[in-house]
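Working notes for the structure below.
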Amino acid sequence: MMNKKGFTLLEVLVAVAILTVLVGLAVPNYISWNARYEFKDTARNLSSNLTLSKLNAMSRNNAVTLTLQANGANTEYEMRDSGGNPVIPTETFPEDVSILGALPVSVTFNAFGQRTSGGAGNQVINLNSASQTNTRYVITVTASGKVTVVMQNI
């Protein structure tokens, strides 16, 4: 009697069917997870770059401004020193992330690391996502220059 090794066509079809069902269940969860990750990453990057603006102002002994602005349907931000020279390349938000409120928004830090824009109180930037409708990230910059980011469920 010959030993036959391998899989039958029926076994392969059952394995493919099970794999198809598992992939069909996993893809929507991955898409949702990826949208949440991009939204959180955008908030953290903006917060980090605000802190970087403060540190650049202190190290250059010169004012540095981070400006959020609309570029078509997208939101982008750039960081420039008081001479208008770029400090970092312009960064663009993912398509579904936007700023709540009117643009442009500027946050300026002086040579002491203090925020000099947006009045005497805290300057607040609210980030919204079209795909994450129940979540908002709130970035607060105090007059002393401290930057915090908080996720809010709405």
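Any read-out appearing in this document is the output of simple, stated calculations on the displayed coordinates, not a laboratory observation. None of these values were measured; they are calculated from a predicted model. Cβ coordinates were reconstructed from backbone atoms using ideal geometry, including for glycine residues, and neighbour counts include every protein chain displayed.
Here are some notes:
- With helices as the sole contributors, the chain gives -12500 deg cm²/dmol at 222 nm; each DSSP H run of n ≥ 4 counts as -39500 (n - 2.57), and the sum is divided by every residue.
- Here the contact order of the stretch 11-153, divided by its residue count and restricted to Cα pairs under 8 Å and six or more residues apart, works out to 20 percent.
- Positive-end residue of Asn56, Trp33, Val14, charge dipole of the stretch 1-58 with Cβ unit charges: Asn56
- C-alpha center-to-center spacing [the stretch 1-37, the stretch 70-125] in angstrom: 46 Å
- Inter-probe distance in nm under a simple model that places probes 7 Å from Cα toward Cβ, at Ala130 and Ala17: 3.9 nm
- Cβ-Cβ FRET estimate between Glu91 and Ser144, R0 fixed at 22 Å, reported to 0.05: 0.30
- Cα-centred dipole magnitude for the stretch 11-153, charges only on beta-carbon of K, R (+1) and D, E (-1), debye, nearest 20: 620 debye
- Given (1) 8.3; (2) 16.2; (3) 14.7, the label whose value is mean projected area of the Cα convex hull in nm² derived from this model: (3)
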